[in-house]
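Working notes for the structure below.
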Amino acid sequence: MTVATPPAGQPTAKDFASDQEVRWCPGCGDYAILKAVLKTLADLAVPREQTVFVSGIGCSSRFPYYVSTYGFHTIHGRAPAIATGVKLANPELDVWVITGDGDGLSIGGNHMLHVLRRNVNLQIILFNNEIYGLTKGQYSPTSRQGTRSPSTPLGSVDYPVSPGAFALGAGARFIARSIDTLQPHLIGVLKRAHEHRGASFVEVFQNCVVFNDGVFEDFTAKAIAPEMQLHVQHGKPLRFGKGDAKGLRLDPARLAVEVVTVGENGVTESDLLVHDEKNRTLAALLLGLAPPAFPTALGVIYCDPAATYEEQAYEQIPAGASVARADLERLLHQGQTWTVAG
Amino acid sequence: MLMATTSPPETGQGTREAREHVVIRFAGDSGDGMQLTGTQFTVETALAGNDLATFPDYPAEIRAPAGTTFGVSAFQIHFGATDVRTAGDDVDVLVAMNPAALTTNLRDVRLGGTVVADVGAFTERNLQKAGYAANPLDDHTLAPYQVITLDISKLTLDAVADFGLGQKEALRCRNMWALGLMLWMYERERATTVRWLEKKFAKRPELVRANIAALNAGHAFGETAEMPTSVVGYRVAPAEVAPGEYRTVSGTEALAWGLLAGTRAAGLRRLMFGSYPITPASPLLHVLAGLKQHGVVTFQAEDEIAAIGAAIGASYAGALGMTSSSGPGIALKSEALGLAIATELPLIVVNSQRAGPSTGMPTKTEQSDLYQAVYGRNADAPLAVVAAATPGDCFEVGIEAVRLATKYMTPVIVLTDGYLANAAEPWRIPDVSDLAGFPVHYRTDPEGFHPFLRDPTTLARPWAVPGTPGLEHRVGGIERDYATGHISYDPENHERMTKVRAAKIAGIAQDIPLQDLAVGGPGGRLVVVGWGSTFGPILQAVRTAREQGLDVAQVHLRYLSPFPRNLGELLAGFERVLVPEMNNGQLVNILRATYLVPAVGLNKITGKPFKVREILAAIHAALEA
């Protein structure tokens with residue numbers, strides 16, 4: 001293994017790339033996500049030796065091999081558990097979890113639930129391509145009903161899980177979404193995820209060119225993107241569409257949101273919902289929006305920090321306590337003892 | 001072991017008959033507090049200077065319907081004036097708090113033994129629940145035994161009448177009355193029990209007073225000779241034991257402390273224990289969770305897989321990761337164990353074995369996970385396996401497991417069982433300042449580093465911990481190149497890596513003691529080979545057989561993978577090899593396969609430990625065959 005010398009001055013994305021050849025399919029959305037992550041690490045100038053990427057199994061989980069920090073490519077679905085152990089051993093480490101829709105929400109769904117509710121301070125990036133790529137194209141837990149795949153030749157019958165709604169239900173305190181091809185947006189979201197203390201859950205819509213090409217076209221296609229993407233910003237009205245002509249208004253009678261056009265039917269900007277990252281109910285509404293009736297909400301949808309798992313766990317351990325200095329003598333003589341004279 | 005009379009019975013008020021060994025079993029409803037009663041009797045017995053061994057036997061149901069046979073909870077203690085190695089073959093005194101306790105435990109009482117029964121609990125309804133058509137206290141059921149029938153229920157109610165308890169709470173003091181009587185019968189003190197009651201019920205002073213009153217009333221009942229004239233007190237002289245400071249210890253406590261001591265000896269800052277609740281392994285999590293002031297981190301995970309996953313993550317990050325479970329949970333961990341083997345990380349996995357397969361009999365002991373420990377993973381996935389023989393031995397085994405895991409960068413499976421986990425024995429507190437250190441050295445030098453560069457002697461890879469500048473690297477489950485550590489699908493490389501992983505574990509044999517004989521010398525007609533908690537009964541049986549003039553020796557294995565390097569030669573010196581195991585034959589087959597020795601098994605799969613006489617009979621049979 002070659003050891004690169006630490007970069008001087010402001011690092012570049014290149015400084016965070018490993019010497020390993022990237023082995024994803026040409027055109028895979030993973031390349032764009034890798035690029036965004038490397039750029040994020042460089043912009044934040046994170047210390048490489050303090051940074052750990054932990055992944056499970058699947059196309060996305062090859063990720064750690066391509067980053068020049070510490071990396072652990074583990075087993076299917078278990079990355080959140082292993083990352084929790086890393087943080088419990090050394091809370092100072094900056095840990096990213098890389099997972100996919102099958103890894104994180106099918107075989108590893110239980111771990112995802114618990115790592116989110118515990119609020120372990122991790123950045124969890126879920127690459128959602130709505131398909132199993134590495135095993136050659138079976139439908140996944142996020143695949144839409146009717147997905148034809150080698151294992152569902154007549155179309156899948158099960159209803160999909162919504163990653164964002166799952167995360168919110170699990171008790172996540174940070175939920176964001178972006179798209180592989182939206183580089184600046186994705187980098188912004190990743191920086192926010194990194195800044196957040198606690199479990200940051202980021203769903204990235206990622207195109208699988210081989211097995212599920214264009215599955216997100218209903219909101220990612222260039223021609224319709226403005227109409228079908230709602231880029232949320234804290235404190236700003238929820239507007240979208242060409243020239244931000246449209247917006248979301250709450251219908252209190254139905255406790256539902258509706259799409260309105262500013263300037264039509266007496267609608268003004270003050271009628272629109274204003275994004276509030278700390279509003280969990282609003283987050284639930286935004287995460288539930290889906291094409292074709294609604295745009296897909298992107299950006300930081302929910303962010304309401306709370307104490308992290310590992311800091312609370314360590315509050316129960318006296319500062320400076322170390323097994324290397326454990327007072328065994330006292331421990332073994334605690335309680336009832338008796339002496340047999342020689 | 002039978003109750004041996006060492007001197008003619010004395011008679012008359014205030015005299016006591018001498019006994020060398022006694023086995024008492026307290027049995028009652030799971031809500032009757034039999035485990036607490038037994039534990040307190042154990043403490044007072046240890047303080048009286050006897051050697052002892054205990055065997056708690058409790059049902060899986062927390063509170064089974066009162067009075068039923070499946071809700072019976074029992075606690076057995078064997079104590080004596082000489083060496084005690086087992087919880088006892090036969091019960092000398094059975095304290096039966098209800099008919100269900102009598103019917104489920106009577107078969108273990110030796111003929112002529114004593115049955116103490118609370119007649120107050122032998123109601124028509126309780127008799128019916130226990131399946132008795134007629135009251136066994138009134139017919140000839142108990143004719144072969146010495147029976148002491150007392151209305152413990154009423155005597156307890158009388159004793160606690162002044163404390164304003166309801167009938168139900170008052171009756172819950174019955175166990176203390178029975179304990180008081182047994183403490184009198186065997187000439188034990190009560191002071192420690194009184195202090196324990198004061199602490200336990202500190203928030204309910206009336207319960208403290210009532211329980212102490214019941215305890216004293218039971219004791220006074222014996223003392224003031226209200227007992228039937230045929231019954232006297234006994235005297236069991238203190239055992240001759242090595243000088244030093246002693247305490248009682250359960251296998252669980254000793255193992256927790258051993259793991260802590262080992263991690264300290266390795267000079268590591270953190271022990272990270274991830275676990276998921278399962279019987280009978282959970283108490284290890286409880287003990288370690290109480291050691292946070294020593295820098296221990298515990299993690300109750302969402303499942304068995306997350307428990308080992310977090311332990312692996314912790315080891316990867318430079319702590320010593322540990323996990324524990326019982327067979328079914330270990331099965332769930334096996335994929336992750338493969339990851340720890342592939343990435344060559346130190347890891348401790350404790351298996352408190354129980355009767356299986358599947359849920360089996362969770363509270364009953366067995367040693368049927370040896371195959372699982374040695375072989376139970378996909379692919380060629382060797383690791384080190386060690387087993388503890390006694391509760392006290394768990395301490396040393398815990399330390400040794402840490403030494404092997406850190407020195408060889410490997411998972412180590414520690415096998416205990418339900419019996420060892422719960423059983424207690426007096427333990428001479430070791431001088432921990434004497435413990436040899438085996439400090440771990442993390443790799444820090446980037447020069448020439450790659451993550452699978454091996455130590456030429458141990459074949460262990462370096463422990464390169466995140467946070468170390470210049471050692472940034474990637475590891476994972478994918479096969480890696482021998483020379484660079486990068487991922488590799490090269491066919492020859494995979495064969496080489498498989499061989500080197502095997503050689504690393506096999507090489508541990510050079511770093512562990514030669515196998516010794518627990519009893520006897522090398523060579524002869526028969527050697528009895530055991531592992532784990534069967535040590536005590538095998539030892540007693542082999543000693544007895546030798547006293548009878550038989551040519552028999554004992555080998556007891558701590559190291560099960562790899563075996564000590566002289567084991568094959570040692571076994572080859574004997575004409576016959578007998579392998580008693582609480583399973584359907586596992587070590588016996590591994591020994592046969594490894595050394596081509598004509599080993600035969602003695603298998604007991606009842607969920608209960610071996611009796612000495614069962615092994616003794618097999619020794620006789622083997623030598624007569």
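Table for the structure above
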{"item": "Unmet requirement for B:ALA405, which otherwise passes all of (1) touching a strand residue (DSSP E or B) at 6+ places or on another chain (Cβ under 8 Å); (2) surrounded by fewer than 18 Cβ atoms within 10 Å (Cβ to Cβ)", "result": "(2)"}
{"item": "Region B:223-252, subset away from chain A (no Cβ under 14 Å) and modelled with pLDDT of 90 or more, residue farthest from B:ARG188 (Cα to Cα)", "result": "B:THR252"}
{"item": "Region A:106-125, subset of a type in the set (A, V, I, L, M, F, W, C) and not in a loop (DSSP other than H, G, I, E, B), residue farthest from the other protein chains (Cβ to nearest Cβ)", "result": "A:ILE125"}
{"item": "Single unsatisfied condition, A:ILE301 versus (1) outside any loop (DSSP other than H, G, I, E, B); (2) within 14 Å of another protein chain (Cβ to nearest Cβ)", "result": "(2)"}
{"item": "Residue list for region A:38-83, filter: part of a strand (DSSP E or B) and of a type outside the set (A, V, I, L, M, F, W, C)", "result": "A:THR51, A:SER55, A:TYR70, A:GLY71, A:HIS73"}
{"item": "Candidate set from region B:177-196 (those that are in a helix (DSSP H, G or I) and within 26 Å of the chain's Cα centre (by Cα)); member that is farthest from the other protein chains (Cβ to nearest Cβ)", "result": "B:MET182"}
{"item": "Scan of region A:20-37 for residues that are in a helix (DSSP H, G or I) and either small (Gly, Ala, Ser) or surrounded by fewer than 22 Cβ atoms within 10 Å (Cβ to Cβ) (or both), ordered by number", "result": "A:GLY29, A:TYR31, A:ALA32, A:LYS35, A:ALA36"}
{"item": "Any hit, region A:28-35, residues being in contact with a strand residue (DSSP E or B) (Cβ under 7 Å, 6 or more places away or on another chain) and at pLDDT 95 or above", "result": "yes"}
{"item": "Some residue of region A:191-202 being of a type in the set (D, E, K, R), in a loop (DSSP other than H, G, I, E, B), under 22 Å from A:LEU282 (Cα atoms) and over 21 Å from the mean Cα position of the chain (by Cα)", "result": "no"}
{"item": "Number of the exception - B:LEU255 against (1) assigned to a helix (DSSP H, G or I); (2) hydrophobic (A, V, I, L, M, F, W, C); (3) facing chain A (nearest Cβ under 9 Å)", "result": "(3)"}
{"item": "Odd one out for B:SER315, checked against (1) in a strand (DSSP E or B); (2) among the hydroxyl-bearing types (Ser, Thr, Tyr); (3) within 14 Å of chain A (Cβ to nearest Cβ)", "result": "(1)"}
{"item": "Test for B:ALA340: is it facing chain A (nearest Cβ under 8 Å), surrounded by 20 or more Cβ atoms within 10 Å (Cβ to Cβ) and over 22 Å from the mean Cα position of the chain (by Cα)", "result": "no"}
{"item": "Odd one out for B:ALA310 among (1) closer than 23 Å to A:PRO80 by Cβ; (2) out of contact with any Pro (no Cβ under 8 Å at 6 or more places or on another chain); (3) more than 10 Å from every other protein chain (Cβ to nearest Cβ)", "result": "(3)"}
{"item": "Number of the exception - B:ILE348 against (1) in contact with a strand residue (DSSP E or B) (Cβ under 8 Å, 6 or more places away or on another chain); (2) assigned to a helix (DSSP H, G or I)", "result": "(2)"}
{"item": "Pick from region B:36-64, criterion without any contact (Cβ under 8 Å) to a residue 40 or more places away in the chain and surrounded by fewer than 18 Cβ atoms within 10 Å (Cβ to Cβ), ranking: nearest to the other protein chains (Cβ to nearest Cβ)", "result": "B:ILE62"}
{"item": "Filter result for A:PHE53 (more than 9 Å from chain B (Cβ to nearest Cβ) and within 23 Å of B:LEU339 (Cα to Cα))", "result": "no"}
{"item": "Of all residues making up region B:509-535, the number that are on the phi < 0 side of the Ramachandran plot, surrounded by fewer than 24 Cβ atoms within 10 Å (Cβ to Cβ) and in contact with a strand residue (DSSP E or B) (Cβ under 7 Å, 6 or more places away or on another chain)", "result": "9"}
{"item": "Residue check for A:THR142: crowded, with 23+ Cβ neighbours inside 10 Å, polar (S, T, N, Q) and within 23 Å of A:ARG48 (Cα to Cα)", "result": "no"}
{"item": "Test: B:PRO277 is surrounded by fewer than 23 Cβ atoms within 10 Å (Cβ to Cβ), part of a helix (DSSP H, G or I) and more than 7 Å from every other protein chain (Cβ to nearest Cβ)", "result": "no"}
{"item": "Tally of residues being modelled with pLDDT of 90 or more, assigned to a loop (DSSP other than H, G, I, E, B) and surrounded by fewer than 23 Cβ atoms within 10 Å (Cβ to Cβ) across region B:1-35", "result": "1"}
{"item": "Among (1) within 12 Å of another protein chain (Cβ to nearest Cβ); (2) of a type in the set (Phe, Trp, Tyr); (3) touching a helix residue (DSSP H, G or I) at 6+ places or on another chain (Cβ under 7 Å) - the single one A:TYR65 does not satisfy", "result": "(3)"}
{"item": "Among (1) at pLDDT below 95; (2) within 22 Å of A:GLY188 (Cβ to Cβ) - the single one A:GLN20 does not satisfy", "result": "(2)"}
{"item": "Single match in B:ALA289, B:ALA265 (criterion: facing another protein chain (nearest Cβ under 10 Å), without any contact (Cβ under 8 Å) to a residue 60 or more places away in the chain and either in contact with a Lys or Arg (Cβ under 8 Å, 6 or more places away or on another chain) or surrounded by fewer than 22 Cβ atoms within 10 Å (Cβ to Cβ) (or both))", "result": "B:ALA289"}
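The values are calculated or read from the model by the stated rules, or taken from the named source; none is laboratory data. A quick note: this is a predicted structure, and the numbers were derived from the prediction, not measured. Quick reminder, even Gly has a Cβ in these numbers, built from the backbone with ideal geometry, and neighbours come from all protein chains shown.
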